[in-house]
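The values are calculated or read from the model by the stated rules, or taken from the named source; none is laboratory data. Just so it is clear, the model here is predicted, and its values are computed rather than measured. Counting neighbours? That spans all protein chains shown, and the Cβs are built from the backbone with ideal geometry, glycine included.
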Amino acid sequence: MSSDSFANLCIFHIMDGLRDGLSHFSHTSRAALLYAINPGDPIRIYDPQELMRGHEPMLKKVFVDSENWKQGAAHLEQTRLIEIVKSKSLELSGLITCGARSKSIFYQRWFTEHHPDMCSTGPTESWLEYAALLLSQDFATQNILRIDSSGHLLREYSTHAVRDYIVDQRNRVMGWDTQLRVYPILDAVLGISKTKEEGAWARGDLIFIEPSELNGIEYLAKFPENERPELKNHKHVRKLLQSVELSGRKLVSDGKKVVGIANCSCTDNSITAHFRGEFGFLYLSSTPVCSFADAQFSATNYRPNLVQLEEILLELNMDPNDRHSMFQIVNKLVSSAGHRSHGCTLVLDFNDPPVNIAGQSLEKPLDLREPEMRALTRSLTKLDGAVHIGKDLRLHGFACLLDGRAVSGENRARGARFNSALRFTAEQDNMVVIVVSADKPVSIIQHGVELTARCDWQQHFACVSTPPKLEDWINE
């Protein structure tokens, strides 16, 4: 096999594993790579799913019109296997990036999507760093027998990415002098999260404190040293969480055992698992790292993604204060329905006056700027049918029936709420319908089209030819 063919296969397998792993950790994700194998080589781009389209001016400025990206590589022969390259000039909108240099590859820079509902970009950045490391190793070893193993490693890297990010951040704060082992903590968090107690999922906070800092905590209750529950006994810890559920109290652990119960705050290097029933969040100090559910870590922050609604509201002729209030009202209703897992349908009517919709009308519309009316509306979303909200920020009806003729975008797998909204908006002007499914996906529908629909990117099964030079790709 020629060196070019080997390089192309290495890049393909690592890209494929990276993209698949990130898509499971967050949402469907694309990835791209810029690289130059030798100092004198032109920089090339491998972007099979057009992630970098739209960023050509910045790429041309940094990599074609300038050679500053080559600086700092003179000491590569004396350095370790790989060196991560930070670059403030590549803060591209909507992208997460990581650059690296090594003896085997002069320069590489990886890109992937920055989804708007991420808890943190940290684990994803660690994922990209690991991709750069594996590509450097594969180029250095030239071992054809393990050419696809790097892709498998990246595909299953979720827990390792979370661990690597936490370790890196804690090392920056306190150096290498730590007794907390992160892998057992992550295993315990996932184990507890999938353990029910009397049919209920875990709720409450479990905080992991450096053993050297435990004596500075004022405990409400502290267990004798020889009777402290083992962290690996997930069932026992799950039972203990009931003592801190729906309170400001926390279970305190040294990473091996549960030490006691306290009202302590997080420290600069503490790790906290915040269990919230079916899902939860992992924090480093007071900063969210990731979420967890179904015994897996993920990037989502479980907040409704209403970016498309923001764009629609900005295009409307509305008072800025009313626009802001409308968004906040909808956001709270959607969040409430999602967290309570009952789902709902919201009809936002921007007609003046609002149209009549079959359902339970009101003698006097409810002013949703009043907290009590908003609380009532949250309860009304539990009823079958849609709630009808006008541009005047008032509730005009509930238990509304949405009907219309069949449209081409219907999806039988999505149920009656979704398909009724498609039919209704296809025949109504100045209407936006928001459908919240019981399992939390949020769909924003206008003119019979789901604005939140995701594209299924075409799968590539080989990197057959050498990727093009960046300059040629820009000029295409």
Next item on the list: Hey, can you tell me all the residues within the stretch 370-383 that are surrounded by 13 or more Cβ atoms within 10 Å (Cβ to Cβ) and either among the polar types (S, T, N, Q) or farther than 15 Å from Val334 by Cβ (or both)?
Entry: Met373, Leu376, Thr377, Thr381, Leu383
Note to self: Going through Gly397, Gly415 one at a time, which residue ends up being outside any loop (DSSP other than H, G, I, E, B), small (Gly, Ala, Ser) and modelled with pLDDT under 90?
What the structure shows: Gly415
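Yes or no, residue by residue, for (1) of a type in the set (Phe, Trp, Tyr); (2) more than 23 Å from Tyr157 (Cβ to Cβ); (3) crowded, with 17+ Cβ neighbours inside 10 Å:
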residue: Asp4; (1), (2), (3): no, yes, no
residue: Phe12; (1), (2), (3): yes, no, yes
residue: Met15; (1), (2), (3): no, no, yes
residue: Gly21; (1), (2), (3): no, no, yes
residue: Phe25; (1), (2), (3): yes, no, yes
residue: Ala31; (1), (2), (3): no, no, yes
residue: Tyr35; (1), (2), (3): yes, no, yes
residue: Asn38; (1), (2), (3): no, yes, no
residue: Pro42; (1), (2), (3): no, yes, no
Next item on the list: Go through the stretch 287-330 residue by residue and tally those that are surrounded by fewer than 16 Cβ atoms within 10 Å (Cβ to Cβ), within 18 Å of the chain's Cα centre (by Cα) and not hydrophobic (A, V, I, L, M, F, W, C).
Entry: 4
Checklist line | Residue satisfying condition, being within 29 Å of Gly54 (Cβ to Cβ) and in a helix (DSSP H, G or I), within set Leu153, Leu145, Leu135 | finding: Leu135
Notebook entry, point to check: Only one of (1) outside the structural domain of Gly21 (by TED's automatic domain parsing); (2) surrounded by fewer than 17 Cβ atoms within 10 Å (Cβ to Cβ); (3) in contact with a strand residue (DSSP E or B) (Cβ under 8 Å, 6 or more places away or on another chain) is not met by Ile192, so which one is it?
Noted result: (2)
Note to self: Restricting to the stretch 58-115, give me the number of residues that are assigned to a helix (DSSP H, G or I) and modelled with pLDDT of 85 or more.
What the structure shows: 9
Check: Only one of Asp384, Asp429 is charged (D, E, K, R), touching a residue at least 24 places away in the same chain (Cβ under 8 Å) and in a loop (DSSP other than H, G, I, E, B); which?
Finding: Asp429
Notebook entry, point to check: In the stretch 108-154, what residues are closer than 11 Å to His13 by Cβ and surrounded by fewer than 21 Cβ atoms within 10 Å (Cβ to Cβ)?
Noted result: Arg146, Ile147, Asp148, Ser149, His152, Leu153
Checklist line | Matching residues, the stretch 160-205, being among the hydroxyl-bearing types (Ser, Thr, Tyr) and assigned to a helix (DSSP H, G or I) | finding: Tyr165, Tyr183, Ser193
Check: Has the stretch 217-233 got at least one residue that is crowded, with 21+ Cβ neighbours inside 10 Å, in contact with a helix residue (DSSP H, G or I) (Cβ under 9 Å, 6 or more places away or on another chain), in contact (Cβ under 8 Å) with a residue 40 or more places away in the chain and closer than 14 Å to Ile192 by Cβ?
Finding: yes
Checklist line | Residue in the stretch 175-189 that is surrounded by the most Cβ atoms within 10 Å (Cβ to Cβ), counting only those that are of a type outside the set (A, V, I, L, M, F, W, C) and in contact (Cβ under 8 Å) with a residue 40 or more places away in the chain | finding: Thr178
Item checked: Conditions (1) over 26 Å from His24 (Cα atoms); (2) of a type in the set (A, V, I, L, M); (3) at pLDDT 95 or above: number failed by Met174 -> (3)
Next item on the list: Being of a type outside the set (A, V, I, L, M, F, W, C) and not assigned by TED's automatic domain parsing to the domain that holds Ala399 narrows it down to one of Asp384, Asp322, Asp352, Asp294, so name that one.
Entry: Asp294
